[in-house]
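Novice: Below you'll find the structure I mean.
The values are calculated or read from the model by the stated rules, or taken from the named source; none is laboratory data. In this text, all values refer to a predicted model and were calculated from it rather than measured experimentally. For neighbour counting, all protein chains shown are included, and Cβ atoms are generated from backbone atoms with ideal geometry for every residue, glycine included. For the accessible areas, the whole protein counts, side chains as well, though only heavy atoms, and no ligand, DNA or RNA atoms are used. Shrake-Rupley method; radii C 1.70, N 1.55, O 1.52, S 1.80 Å.
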Amino acid sequence: MLSCRVKDRGVLDSPSPSSRALGGPVARAITHALGRVLTFQITRPYVVLFLVALITAASTFAATKLTVRTGFESLLPENRKSVQELDRVAERTAGVSTIFIVLEGDDKLALRKAGDALVPALKQLGPPWVGAVEDGVHDAVAFMGPRAGLFAELKRLEKLRADVDARYEYEVAKATGADLGLDDEKPPEINGETIKKELGLKDEDTQRFPDGYYQSQDGKTLIVAIRAGVLSSDFDRANEALRRVREVIETVKPASFHPSIRYGLTGDLVIGLSEYKAINEDLTEVGLTGTVLLVLVVLLYYLRVRMLVAMTLTIGVGVAWTFGLTKLMIGHLNMATGFLFTIVAGNGINFAIIFMARYLEARRAGASTEVALRMAQRETWIPTLTASLAAGAAYASLMVTEFRGFRDFGAIGGAGMFLCWLGTFAVLPSILVVSERLAPLDKEKTGVWGKLRKATEKGIAFGRPFAFIAESAPRFMTVTGVVLAIAGAVLTVRYFTGNPMEYDLNNLQSKQSDRAKEEQRLIKLAKDITGYVGLDGMAILVNKPEQVESLKAELEKRRDAAAPHLKPFQSVVTLQDFVPKEQEAKVPVLLALKERVMRAKKRGLINDADWEKVKDFIPPDDLKPFGIADLPEGIARLFTEKDGVRGRIVYITPTEGELTSDAKYLFRWADSFRETKIADGTTIYGSGRAVIYADMWAAVIEDVPPAVLASFIATLLVVVLAFRAGKPALIVLASLLIGVSWMTGSLALGGVKLNFLNFIALPLTFGIGVDYAVNIMQRYRVEGPGSALQAVRSTGGAVVLCSLTTLLGYLALVRSNNYAVRSMGVAAVLGEATCLIGAVLVLPAALTWLDQKRTKTSAQ
């Protein structure tokens, strides 16, 4: 906490109470040790810079190896049952992604020829780039068509056989003259439609795949489906897989089959890779935006390029060390921590600001470079270390939670605050020594630039406008601030009791680019045409195939018991569904039926038109019962594990008409299969996107209260440490609570929905936002009654600058393409701004008003 007395540009000139609290023999020993280090930094600056550069280079190299895990499961603790189950399923089934080549054109037959040409060419790529490729279900149709009768009910088959026999005998008797006309009723007509109906075949099923192709009913779209042995999270291999696929497509040239043919790529590998690229591009853009904003505000305040360079290098060291350590500690980033670069930089640069300000003040007073550095180090290390520990405590409060998104955020942010402080005192003195040797700071500048520097030598008075407003109407500003805080508190209570959670997952994703929109359009086409259940369905892995039937029965029981408008899922799909029951009894019936149909065909009793309708469903002569091991790969692939085991994977498809982007529906869906006890007493656990997201929200709701409480307690301890409890501590806490109330009230007024990211702003606001009130109160205590406005005029400049750097770090997040990150930026900016205004406007107004009342009372 930068709790210190500040002159002119917000420079430390005496230890704060928190400094004294950290004083004593330990502080003197550390001060002595730092003094010896500084001697080496002054006499051997190039050696120091070289050593720091080596460490920073290694840290930067490690940081560049950090990857961003975009899945929601990366935000949950690893001991969550849903995460463990997801990992178990992934271990058995991982390594398979889908790529869809979507061919669109005006010629149905040309599209088929193009698809048929692509399939063998793509197969040549081989694993891992292409494990399987198909442009239809030809193998499945060839296998299942002649066995379609096995899926009909035995009674219906027996009835059909009897009807066919009766009609056949009737027609034969009629043709031979043996029919005496004694029967009142003729046997039922037997034609293609009758046979299909009794076999349970529907037109929508038999015509789903025209001639076995993945082709739309209008014939203008054809899908080539590829199963690749790489995942989108494997960035390099995923890129290579797509490059090879595109290379094959360009070689085959689909447009050569018809000029209207064009193609696009989609699928989970394509979309996952696009999202990964978009996140990385977003991280880069947000980082650059934050850097530019920080550079501009620092340059505006100091109006010296050398100071800008020195501070940019200093914070660069701290950030590099932070994320190099992140690679060693955690190994990756996630959706919550991926945007910490700009936040750490915005917070961490404050230590360099304070050090630099004290150094410049000493140099302006005529001190030599060495003397100025020793004064800056001696007078700033304790309060800036206190500040880093206070900010670190705010981040560390998130580590009391089990939610990995919060925990990792807290670990990285907390470590970052200390490392930025360490980087400041490790490298900034040597940078200043070298810059003074190259161009002494006390050398007079001439011309326009020299005049501008002289005019702004004491910096831009950021605090004076606030002091002017507070001085004009201290009572009005105090009462207004308190009334608004009460209103904010009321709005906050109504806000949190009114369920402010974000349930539309579209508002937690990235803004779609034109490319992403096209990929989504194409994947909708691919899903509708191919019917791949693995794209939207949730997968459950049982221990053995024999448990599938019991699991399916229990799940369907739950579904059927739900109200019509609350159905949790549409259907349960298993590989066993493709294996009919009572096959032993059906086989002889079907073979007898075939024999009679074939004889009827020979005698002309079944015409050519009817034969075309049924020929593909006539069973082979060697028809026999089959099991899941006999099913063709095209059918079994989605239900096959990496080691070839079939039949243990169960898919649950979403309810028709329900949006999988609706969190409320996901919760209902997740609860329906999260945990199922089956007939043999085994409990089968489910996972997948629905369960993971439901657990993520449960973790957030469970962990936010303790995180906010921990942050408040840590803040309270720091304030008590700084002011030894008493009235000043209460005033500082009141100022903080006013700012926090304004923040949450603004969120409520703006209808901002809470999500797993913007929740983080709540505990951070306590630990970081209190710093500004502490600075104003400390100056007021040192100067005495009547000095509140002067504290804002002088101290306010540094306070506002430190707040601006932090605020701009958050503000950069608002430019993110990810809506959840934007919301975090908005919430954090609100918290920073309201706490700052409370500290530099309401607090000095209240102190001034109290002083005026005290003066009047004394005069009486």
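Novice: Give ALA833, ALA846 a once-over and let me know the one that is part of a helix (DSSP H, G or I) and more than 19 Å from ILE768 (Cα to Cα).
Specialist: Testing whether each residue is part of a helix (DSSP H, G or I) and more than 19 Å from ILE768 (Cα to Cα) leaves just ALA846.
Novice: Go through the stretch 245-269 and give me each residue that's surrounded by fewer than 17 Cβ atoms within 10 Å (Cβ to Cβ) and either basic (Lys, Arg) or within 17 Å of GLY131 (Cβ to Cβ) (or both).
Specialist: Hits for the stretch 245-269 are ARG246, LYS253, ARG262.
Novice: Looking at ALA773 and the list (1) within 33 Å of the chain's Cα centre (by Cα); (2) buried (at least 24 other Cβ atoms within 10 Å of the Cβ); (3) under 22 Å from VAL483 (Cα atoms), which single condition is not satisfied?
Specialist: (1)
Novice: Could you say whether any residue in the stretch 62-81 is modelled with pLDDT of 95 or more and either charged (D, E, K, R) or open to solvent by 30 Å² or more (accessible area, probe 1.4 Å) (or both)?
Specialist: Taking every residue of the stretch 62-81 in turn, none turns out to be modelled with pLDDT of 95 or more and either charged (D, E, K, R) or open to solvent by 30 Å² or more (accessible area, probe 1.4 Å) (or both).
Novice: Right, another one. Among the strands (runs of 3 or more DSSP E) contained in the stretch 593-693, which hold 1 or more residues that are among the hydrophobic types (A, V, I, L, M, F, W, C)?
Specialist: Output list reads 649-653, 683-685.
Novice: Among the numbered conditions (1) small (Gly, Ala, Ser); (2) modelled with pLDDT of 85 or more; (3) crowded, with 24+ Cβ neighbours inside 10 Å, tell me where ALA791 comes up short.
Specialist: Of everything listed in (1) small (Gly, Ala, Ser); (2) modelled with pLDDT of 85 or more; (3) crowded, with 24+ Cβ neighbours inside 10 Å, ALA791 misses just condition (2).
Novice: Go through the residues of the stretch 402-415 one by one and say whether even a single one is out of contact with any Phe, Trp or Tyr (no Cβ under 6 Å at 6 or more places or on another chain), more than 30 Å from VAL68 (Cβ to Cβ), open to solvent by less than 20 Å² (accessible area, probe 1.4 Å) and modelled with pLDDT of 90 or more.
Specialist: Within the stretch 402-415, not a single residue is out of contact with any Phe, Trp or Tyr (no Cβ under 6 Å at 6 or more places or on another chain), more than 30 Å from VAL68 (Cβ to Cβ), open to solvent by less than 20 Å² (accessible area, probe 1.4 Å) and modelled with pLDDT of 90 or more.
Novice: Hey, another quick one. Any residue in the stretch 105-118 that is under 15 Å from GLN217 (Cβ atoms) sitting within a Cβ distance under 9 Å of a residue that is among the acidic types (Asp, Glu) and part of a loop (DSSP other than H, G, I, E, B)? List the pairs, counting only those 6 or more apart or interchain.
Specialist: Qualifying pairs under 9 Å: LYS108/ASP218; ARG112/ASP135.
Novice: Could you tell me which numbered condition ALA362 fails, if it satisfies all but one of (1) in contact (Cβ under 8 Å) with a residue 24 or more places away in the chain; (2) open to solvent by less than 20 Å² (accessible area, probe 1.4 Å)?
Specialist: Unmet condition: (1).
Novice: Considering only residues that are of a type in the set (S, T, N, Q) and in a helix (DSSP H, G or I), look in the stretch 56-110 and name the one that is farthest from THR530 (Cα to Cα).
Specialist: THR56
Novice: In the stretch 217-233, which residue that is modelled with pLDDT under 95 and hydroxyl-bearing (Ser, Thr, Tyr) is least open to solvent (accessible area, probe 1.4 Å)?
Specialist: SER232
Novice: Considering only the stretch 38-52, I want to know if a residue exists there that is at pLDDT 60 or above and outside any helix (DSSP H, G or I).
Specialist: Yes, there is a match, as at least one residue in the stretch 38-52 is at pLDDT 60 or above and outside any helix (DSSP H, G or I).
Novice: Additional query: Is it true that some residue in the stretch 321-338 is of a type in the set (Lys, Arg), part of a helix (DSSP H, G or I), modelled with pLDDT of 85 or more and within 31 Å of the chain's Cα centre (by Cα)?
Specialist: yes
Novice: Further, regarding this structure: Within the stretch 801-842, how many residues turn out to be among the β-branched types (Val, Ile, Thr), buried (at least 24 other Cβ atoms within 10 Å of the Cβ) and more than 24 Å from SER510 (Cβ to Cβ)?
Specialist: 5
Novice: Among the residues of the stretch 718-733, write down those that are open to solvent by 10 Å² or more (accessible area, probe 1.4 Å), touching a residue at least 12 places away in the same chain (Cβ under 8 Å) and not charged (D, E, K, R).
Specialist: Selection gives VAL718, LEU721, PRO728, ILE731, LEU733.
Novice: Considering every residue within the stretch 695-708, establish whether at least one is more than 20 Å from ASP408 (Cβ to Cβ), in contact (Cβ under 8 Å) with a residue 40 or more places away in the chain, of a type in the set (A, V, I, L, M) and part of a helix (DSSP H, G or I).
Specialist: no
Novice: Further, regarding this structure: So which residues in the stretch 679-704 are open to solvent by 10 Å² or more (accessible area, probe 1.4 Å) and modelled with pLDDT of 90 or more?
Specialist: ALA679, ASP680, GLY681, THR682, THR683, TYR685
Novice: Looking only at the stretch 184-210, how many residues end up being in contact (Cβ under 8 Å) with a residue 12 or more places away in the chain and either part of a loop (DSSP other than H, G, I, E, B) or open to solvent by 90 Å² or more (accessible area, probe 1.4 Å) (or both)?
Specialist: Number of matching residues: 11.
Novice: Mind listing whichever residues of the stretch 321-339 are open to solvent by less than 10 Å² (accessible area, probe 1.4 Å) and in contact with a strand residue (DSSP E or B) (Cβ under 8 Å, 6 or more places away or on another chain)?
Specialist: Scanning the stretch 321-339 gives THR326, LEU333, ASN334, GLY338.
Novice: Could you give me the residue pairs with C-beta distances under 7 Å whose first residue belongs to the stretch 465-486 and is of a type in the set (Asp, Glu), whose second residue is in a helix (DSSP H, G or I) wherever it lies, and which are 6+ apart or on separate chains?
Specialist: Listed pairs, sorted by first residue: GLU471/LEU789; GLU471/THR848.
Novice: In contact with a strand residue (DSSP E or B) (Cβ under 6 Å, 6 or more places away or on another chain) and open to solvent by less than 10 Å² (accessible area, probe 1.4 Å): does that describe ILE652?
Specialist: Yes, satisfied.
Novice: It is to be established whether one or more residues within the stretch 452-468 are within 30 Å of LEU49 (Cα to Cα), at pLDDT below 90, basic (Lys, Arg) and open to solvent by 70 Å² or more (accessible area, probe 1.4 Å).
Specialist: yes
Novice: Same structure, new question: Can you confirm whether LEU150 is in contact with a Pro (Cβ under 9 Å, 6 or more places away or on another chain), of a type in the set (A, V, I, L, M, F, W, C) and either open to solvent by 40 Å² or more (accessible area, probe 1.4 Å) or not in a loop (DSSP other than H, G, I, E, B) (or both)?
Specialist: So LEU150 fits the description; yes.
Novice: Look through the stretch 370-381, keep the residues that are in contact (Cβ under 8 Å) with a residue 60 or more places away in the chain and open to solvent by 20 Å² or more (accessible area, probe 1.4 Å), and return whichever of them is farthest from MET824 (Cα to Cα).
Specialist: The qualifying residue farthest from MET824 (Cα to Cα) is GLU370.
Novice: Tell me the residue from GLY272, GLY316, GLY290 that is small (Gly, Ala, Ser) and either open to solvent by 30 Å² or more (accessible area, probe 1.4 Å) or not in a helix (DSSP H, G or I) (or both), please.
Specialist: The unique qualifying residue is GLY316.
Novice: If you go through the stretch 341-376 one residue at a time, how many are over 30 Å from LEU283 (Cα atoms) and either under 41 Å from the mean Cα position of the chain (by Cα) or not in a helix (DSSP H, G or I) (or both)?
Specialist: 5
Novice: From the list GLU85, GLU104, pick out the single residue that is more than 28 Å from ILE279 (Cβ to Cβ), open to solvent by less than 50 Å² (accessible area, probe 1.4 Å) and modelled with pLDDT of 85 or more.
Specialist: Testing whether each residue is more than 28 Å from ILE279 (Cβ to Cβ), open to solvent by less than 50 Å² (accessible area, probe 1.4 Å) and modelled with pLDDT of 85 or more leaves just GLU104.
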